[in-house]
Amino acid sequence: MNVPQYDAIVIGSGAGGAAAAYRLVSGGMRVLLLEKGGHLPKDGSTLDVRRVVHDGEYFSREPWLDGHGNSLTPEEHFNVGGKTKWYGAALLRFSAREFLPEAAYACLGWPISPDDLTPYYEQAERLLGVRPFDCEPDLAAILDRLQADSAWQSSPMPMGLSADIVNHPHEAAHFDGFASAKNLKGEAETSLLSQLQARTNFTLLPDAEVGALLGHPGSPATVSGVRLRDGRIFYAARILLAAGALHSPRLLSRYLSETGLGSVLPVAALVGRYVKLHLLTAMVSVSLGIKADLIRKTTVVINERFPHSSIQPLGFDGALIEALMPRFLPGALRRAVAKRAYGFFLQTEDGSDVGNRVQPGTPPVLDYDEARLPAAALEHRRLTRAFQTALLKAGLLSFTKRIGLNGTAHVCGSLVCGRSPADSVVDASGQVHGMPGLYVVDGSVLPRSSRVNPALTIYAWGLRVADALLRKFQLERPALSQIGTEAAYVA
């Protein structure tokens, strides 16, 4: 008899897992949150350019293969708070258009409307302290010249940063791709999990890698527990996958294979498929004047000639840009160029193709090829050329670098949500089709990646799924208490 020890187990402490855990615990459920990694240090090492950028000290070292059998090491983070500790804190909502299918661009549609997520967007923004920052002088001058062509439109970037970060210049210049040592970033651990520390109905286990899902005896479609790599076993009536779009499908795929459900459940054919990464290009733009802006990442730029794309400044100061330049260049030249440079991040929604997928195995495989998405690849090339040309007219010479397959910061879509098990893995409530008790609350559910960063939408989805679970739990609890706790657990 698998007697539940918790009301819910959440696997993964990133945006979706932390949001779901926060809502469930706040509503009175007993929650176990399992995180593969540990807590990050607060000694300032997560702001050290050498350790973070050059040595890659905080990246996962897990080996993968690409679709051609070549070695690959995705830039994944395993730590409490997940990627949110490292993200650039750009927290934007998807537009209403980005919830709709768009066949010509290979985009799937959502099974919910934007209105269904609106209250959860609002809640996530409050919890994360999302705010705009003033556009700083150097960027303002660039935008003024850029917007001589009225097609380029800018608006304030919603940022999950403390207003006090401007009083900490080292942190302000090292939030984009670095983990704050002073808790000045709105992210999963600082804004959500830390609020639960005193709650007796919340247990966080770091360094606790889940090795397998466990089914209910006699009913393998009902997932009721987990086994950790170290052999510990935990049970709950609800299991929430939040390990990330590269990792949640591997857990589910392994379980379907081991139980034989892979040949029974229609969703098995889609587990791991429709992976999305965004098409990404980093651009460094140089002009004569020295750039002294601090935060830099204050504005998002769009051009409706490229309706699936957006541009944002990189939150990198001159010292960091210098560290990223080729080492064969003389130091004096690197410093001179970096002081006069501004970084930009160009991203294009990549659509969904069933061939872009995560496959379990040793090593696992990330089979992704942007050639399967020709409309997206064409738009991204045109965007890059157009923005480079516009900056040149504005007096900046730009150099570009495409982000390769290892750049998985925005990966999503491997367990997409939808209306039917014939075209999706997860339903509109977050439950895996045909698998009672198993839910997904990370970015793997996203049917579209949109033109902007996906983090806020993942937080909002986690809150929404947890809110529905909590309402159902609260309705059931009075009835359960009448028949006794042990009997309720068995049921």
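The values are calculated or read from the model by the stated rules, or taken from the named source; none is laboratory data. Just so you know, these numbers come straight off a predicted model, no measurement behind them. Note that we place each Cβ from the backbone using ideal geometry, even for glycine, and neighbour counts take in every protein chain shown.
Confirm whether Ser113 is exposed (fewer than 14 other Cβ atoms within 10 Å of the Cβ) and either over 24 Å from Asp427 (Cβ atoms) or not polar (S, T, N, Q) (or both). Talk me through it step by step, then tell me what you get.
Details: exposed (fewer than 14 other Cβ atoms within 10 Å of the Cβ): yes; either over 24 Å from Asp427 (Cβ atoms) or not polar (S, T, N, Q) (or both): no.
So Ser113 does not fit the description; no.
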Handout entry: Looking only at region 170-195, and only at residues there that are aliphatic (A, V, I, L, M) and part of a helix (DSSP H, G or I), the one that is farthest from Val130 (Cα to Cα)
Key = Leu193
Exercise for the section: Examine region 368-381 for a residue that is under 28 Å from Val337 (Cβ atoms) and not basic (Lys, Arg), and state whether such a residue exists. Expected result: yes
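Go through region 11-50 and give me each residue that's assigned to a strand (DSSP E or B) and either closer than 30 Å to Ala173 by Cβ or under 16 Å from the mean Cα position of the chain (by Cα) (or both).
Pass one, region 11-50, residues assigned to a strand (DSSP E or B): 11, 31-34, 38.
Ile11, Gly38, listed by residue number.
From the list Glu322, Glu349, Glu370, which one is in contact with a Lys or Arg (Cβ under 7 Å, 6 or more places away or on another chain) and within 28 Å of Ser450 (Cβ to Cβ)? Outline the logic, then answer.
On the way: Glu322 fails: within 28 Å of Ser450 (Cβ to Cβ); Glu370 fails: in contact with a Lys or Arg (Cβ under 7 Å, 6 or more places away or on another chain).
Residue meeting the stated conditions: Glu349.
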Completion exercise
Checked Ile302, Ile295, Ile311 against criteria (surrounded by fewer than 22 Cβ atoms within 10 Å (Cβ to Cβ) and at pLDDT 95 or above); the one match is Ile302
Practice task
Report yes if some residue within region 1-9 is of a type in the set (Val, Ile, Thr), buried (at least 24 other Cβ atoms within 10 Å of the Cβ) and closer than 24 Å to Glu125 by Cα; otherwise report no.
Solution key: no
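Name the residues in region 458-479 that are among the basic types (Lys, Arg) and either buried (at least 19 other Cβ atoms within 10 Å of the Cβ) or within 14 Å of Ala21 (Cβ to Cβ) (or both), would you?
Arg464
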Problem - Wholly within region 334-423, strands (runs of 3 or more DSSP E) carrying at least 3 residues that are hydrophobic (A, V, I, L, M, F, W, C) and touching a residue at least 12 places away in the same chain (Cβ under 8 Å) - result: 341-348
Problem - Residues of region 188-228 that turn out to be touching a residue at least 12 places away in the same chain (Cβ under 8 Å), surrounded by fewer than 17 Cβ atoms within 10 Å (Cβ to Cβ) and closer than 22 Å to Trp461 by Cα, as a count - result: 1
Completion exercise
Of the listed residues (Lys291, Lys339, Lys297), the one being under 30 Å from the mean Cα position of the chain (by Cα) and basic (Lys, Arg) is Lys297
